[in-house]
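Peer 1: This is the structure I want to talk about, given as structure tokens.
A short reminder: the numbers here are calculations on the coordinates, not readings from a lab. If you're wondering where the values come from, they're calculated on a predicted model, not measured in any experiment. Ideal geometry is used to build each Cβ from the backbone, glycine not excepted, and the neighbour counts take in all protein chains shown.
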């Protein structure tokens, strides 16, 4: 006897077709017959953005890069994905978070260098 005949209300799931349950030991979304070549293609590939680079620029000082890396990793100044380091510094200043002054000075001094301008995660897509 159906639910309606028994006086029970319909459920929202009653209007959707039922799926077969996957067997034990099979992760969702995987096919049974995959060969090794297909498994290698399933690996996640990180897309890297193209950064404008000028060949005449010398690499920045390692101490400067370390200071900027620490700035990127300190979450007290907010997220840094999708914006430049200088934009993040200015946003933190507007919010009263007191970002370090030497970071701003270094960013203004090396404005044309993408290694200094962009955060650690700039090359990865969101």
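Peer 1: For the stretch 63-117, what does the relative contact order come out to in percent, with C-alpha contacts under 8 Å and a separation of six or more?
Peer 2: In percent, rounded to a whole number, it is 35.
Peer 1: Still on this structure, please answer the following. At a Förster distance of 41 Å, what's the computed FRET efficiency of residue 57 paired with residue 14, Cβ-Cβ distance as r, to 0.05? Walk me through the intermediate numbers first.
Peer 2: On the way: r = 65 Å, r/R0 = 1.58.
E between residue 57 and residue 14, to the nearest 0.05, is 0.05.
Peer 1: Quantify how much of the Cα-Cα distance distribution of the stretch 63-117 extends past 18 Å, in percent. Walk me through the numbers before you get to the answer.
Peer 2: On the way: 295 of 1485 pairs.
Roughly 20 percent, once rounded to a whole number.
Peer 1: How would 81, 117 line up from fewest to most surrounding beta-carbon atoms within 10 angstrom? Please report the intermediate quantities before stating the final value.
Peer 2: Details: 81 13, 117 18.
Ascending number of Cβ neighbours within 10 Å: 81, 117.
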